[in-house]
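Step one of this worksheet: look at the structure below.
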Amino acid sequence: MSSTLPKRQHDVNRSTVLVRPAGPVRPARTAAGDAFTDLVVEVAWLGGIFTSIGEALGRLGGQTLARWVILDAIEDGPATVAQIARRRGIARQAVQRVADLLVEDGLAAYEPNPSHRRAKLLRPTPDGQTALHTISVAQKAWADAVGAEIGPAKLARATQLVREIRTAVAALDTPGGESG
């Protein structure tokens, strides 16, 4: 008998055949758990769409989404790699790698930090500001169009709800024991 076929069990009089499910049975969730799972799936899908759009917007300024995020973080003033990482919720090492590439390409520069001997400040160069401006103009037009389609009141409610969900999720232990 093939190992991929379900095992069959015959009752005593062999008049019926019971088929066991192949694999573990999923535990039932509550209605609240189902609703939350549906939201997580939609948010994950939306996150993928936002990433694709961010990459497309970044290309308009000759950048990737990652490079745009770092340039945007220093638009209003220089910051250390660690400060950028904390503000954007990105690993410091990832920010360092992108920052070094921006410096190498002449889009950002490191400058001395009067508050810290070793942690240099990253600031955009004029070329970096030009790239960021190009991206920002396109992003503003896109955000205005999407915002008008949905409406500011609905977006404000959605933002508040997402903030509440983020707070609730952050307060709970992550499955598998990792901290959130």
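Every number in this text was worked out from the coordinates using simple rules, so none of it is lab data. All values derive from a computational prediction rather than experimental measurement. Here Cβ is always computed from backbone atoms with ideal geometry, including for glycine, and neighbour counts include all displayed protein chains.
Some values worked out for this structure:
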{"item": "For the chain, convex hull of alpha carbons as volume per residue, Å³", "result": "246"}
{"item": "Taking S52, S115, S136 and counting other C-beta atoms within 10 Å, the order from fewest to most", "result": "S115, S52, S136"}
{"item": "Student exercise, the chain dipole from Lys, Arg, Asp, Glu Cβ charges, in Debye to nearest 20", "result": "680"}
{"item": "Directionally averaged shadow of region 63-142, computed from the convex hull of its alpha-carbon atoms, nm²", "result": "5.2"}
{"item": "Positive-end residue, the chain charge dipole about Cα centroid, Cβ charges, pick of G89, V25, A119", "result": "V25"}
{"item": "Local electrostatic count at K120 - Lys and Arg +1, Asp and Glu -1, tallied over other residues with Cβ under 14 Å", "result": "+2"}
{"item": "Residues L122, L39, L65 arranged by fewest to most Cβ contacts within 10 Å", "result": "L39, L65, L122"}
{"item": "Rounded tilt (10° steps) of 31-60 against the dominant C-alpha axis of the chain", "result": "40"}
{"item": "Test item: Cα-centred dipole of region 63-142, Lys/Arg +1 and Asp/Glu -1 on Cβ, debye", "result": "420"}
